[in-house]
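Undergrad: First, the structure itself, so that you have it in front of you.
The values are calculated or read from the model by the stated rules, or taken from the named source; none is laboratory data. Remember, it's a predicted structure, so these values are computed and weren't measured experimentally. Counting neighbours? That spans all protein chains shown, and the Cβs are built from the backbone with ideal geometry, glycine included. The protein model used for the area step is the full one, side chains on, heavy atoms only, and it has no ligands, DNA or RNA in it. Shrake-Rupley method; radii C 1.70, N 1.55, O 1.52, S 1.80 Å.
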Amino acid sequence: MSGRDGFVVRCPGKVNLHLEVLGRRPDGYHELRTLFAAVGVWDELKFAVAPAGVLELSVEPSGVVPTGDENLVVRAAKVLTEGSGRARGARIHLKKGIPIAGGMGGGSADAAATLLGLSALWDLDLDIATLLELGSGIGADVPFFLIGGSAWGTGRGTELVPLPDLPAWWVVLLPGKEAVSTAAVYRALRAGPVDERPQSEVYQWIERGGEAPFHACRNDLETTVLAQWPGVARRLAAIRGTLPLLALLSGSGGTVFGLYSDRTAAERASAALASHAPVIAPLLTREASRVRPSGEDIRWKLPRFGST
Ligand code: ATP
C-alpha cells in the first residue's frame, strides 16, 4: 500500500507496575496513582482512504471484538470527524495481538493509534494537547498510549508525567481466557472517599532513582478481582512460583504478569509456566513504543515529549 493511499501502524499494550486507588471521587470516578509501562505485544491497524462519509472497520481474527460504535477505533474516528467539522472517510483493518479484556489497554491503544493514524491520513495537524484531550474523553488509558514508554498516571489515569525509560526488564504475561470487565471490578470495589495520602514509595523512587521498591508495588484491584475470578488467582500463584521481581495483575486483569531482570530470566520462567500459555515481552522504551507507520515513505508528524 502506498503512503498516499494508506498505511499500517502498530501499537503496543501496557502493564501497570503499580496501581493505587485513593478512593472514589464525588464525580463517581476513582482517583488513581499508577505506573504505566508499555510492553511489546502489538495490535496492527491498517488505514486506507475512503470517500467522505464512509467509515468501515474490519477486525482480525473476525468477531473477537465488535466492529460498530462500541469499538474504540470507531469512537476515536468519530471524535475526529466531529471535531474537524468536515466529512471524511476511512477504511480501517484492525489485527488484534494484545489480549482482549485483559487489563492491557488494547482498546485504548487502538484508539490512540486511530487518533494518530487518521490525523495523518486526513492531514489534520492536531497538536498533542488536543490529542490528549480527545483521547481522555474516549478512555482513561488512551492518553498513556499517546505518550508511550513509562509514565506516572494520576486522576483517572489520564493526567500523566512521562518518565525516563525503565531498565530493560522483561515480562511474562498469563492472559487467561476469562474476560474481566473493568466496569464490574470498579463497581465491586469497596472504595471510600479519596484519601489524599502522601506520595507512595514508588513515586519517590521514580523521582529519586535508586533500587526499585518492588515490595511497595501493588494493585489495589487485586483482592476484588481474585475473589470473583479464581482462574486469575491461580495464574498469579503460578507466576509467583517463578520468583519474579514483581508479580501483579495488570490494570483490572485478568492478565497477570511477572517482571524479570532480563530476557533469559523471563524465558526460564516462561518454560516453567508452559501449561498457562505464557507470552513473553520486553518493557518498551518511549521510542520503541511510539505509534508509527511501518512504511518509510509516509509523511508522519508525531508529538514529542521533552527529553525523556
Ligand atoms: P479496559 O480496562 O479499558 O476495559 P482492557 O485493557 O481490560 O480494557 P480491552 O481489550 O481494551 O481490555 O477491551 C475491553 C472491552 O472493550 C472488550 O470487551 C471489547 O469488547 C471492547 N472493545 C472496544 N474496542 C476494542 C478494541 N479496539 N480492542 C479490544 N477491545 C475493544
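Rundown of residues vs (1) acidic (Asp, Glu); (2) closer than 12 Å to Asp110 by Cβ, yes/no style:
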| site | (1), (2) |
| --- | --- |
| Leu45 | no, yes |
| Val54 | no, no |
| Lys78 | no, no |
| Glu82 | yes, no |
| Arg88 | no, no |
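Undergrad: Which one of these is surrounded by 23 or more Cβ atoms within 10 Å (Cβ to Cβ), in contact with a helix residue (DSSP H, G or I) (Cβ under 9 Å, 6 or more places away or on another chain) and closer than 18 Å to Gly251 by Cβ: Leu160, Leu174?
TA: Working: Leu160 fails: surrounded by 23 or more Cβ atoms within 10 Å (Cβ to Cβ).
Leu174 is the lone residue from the list that is surrounded by 23 or more Cβ atoms within 10 Å (Cβ to Cβ), in contact with a helix residue (DSSP H, G or I) (Cβ under 9 Å, 6 or more places away or on another chain) and closer than 18 Å to Gly251 by Cβ.
Undergrad: Let me ask another. Among the residues that make up segment 203-219, is at least one of them modelled with pLDDT of 95 or more, within 15 Å of the ligand (Cβ to nearest atom) and closer than 30 Å to Glu287 by Cα?
TA: Yes, that holds for at least one residue.
Undergrad: Let me confirm something: among Ala269, Ala233, which residue is more than 16 Å from the ligand (Cβ to nearest atom), closer than 29 Å to Arg290 by Cβ and of a type in the set (Gly, Ala, Ser)? Before you say what the answer is, go through the steps one by one.
TA: Values: Ala233 fails: closer than 29 Å to Arg290 by Cβ.
Answer to the selection: Ala269.
Undergrad: Has segment 134-153 got at least one residue that is farther than 20 Å from Arg10 by Cα, more than 9 Å from the ligand (Cβ to nearest atom) and touching a residue at least 60 places away in the same chain (Cβ under 8 Å)?
TA: Checked against the condition, which is being farther than 20 Å from Arg10 by Cα, more than 9 Å from the ligand (Cβ to nearest atom) and touching a residue at least 60 places away in the same chain (Cβ under 8 Å), segment 134-153 yields at least one hit.
Undergrad: Check Arg88, Arg33 and return the single one that is more than 15 Å from the ligand (Cβ to nearest atom), surrounded by 14 or more Cβ atoms within 10 Å (Cβ to Cβ) and outside any strand (DSSP E or B).
TA: The conditions single out Arg88.
Undergrad: Can you tell me how many residues in segment 107-121 are open to solvent by 10 Å² or more (accessible area, probe 1.4 Å) and within 7 Å of the ligand (Cβ to nearest atom)?
TA: 2
Undergrad: Name the pairs whose Cβ atoms lie under 6 Å apart, with the first residue in segment 44-56 and in contact (Cβ under 8 Å) with a residue 24 or more places away in the chain and open to solvent by less than 60 Å² (accessible area, probe 1.4 Å), the second outside any strand (DSSP E or B) and of a type in the set (A, V, I, L, M, F, W, C), and 6 or more positions between them or separate chains?
TA: These pairs meet every condition: Leu45/Ala113; Phe47/Leu121.
Undergrad: Something else: Show me the helices (runs of 4 or more DSSP H) found entirely inside segment 182-230 where at least 2 residues are in contact with an Asp or Glu (Cβ under 9 Å, 6 or more places away or on another chain).
TA: The helices (runs of 4 or more DSSP H) meeting that bar are 201-208.
Undergrad: What number of residues within segment 98-147 satisfy the criterion of being farther than 21 Å from Gly253 by Cβ and not aromatic (Phe, Trp, Tyr)?
TA: From segment 98-147, those farther than 21 Å from Gly253 by Cβ are 112-138, 143, 146-147; that's our starting set.
Checking which are not aromatic (Phe, Trp, Tyr) leaves us with 112-121, 123-138, 143, 146-147.
Result for segment 98-147: 29.
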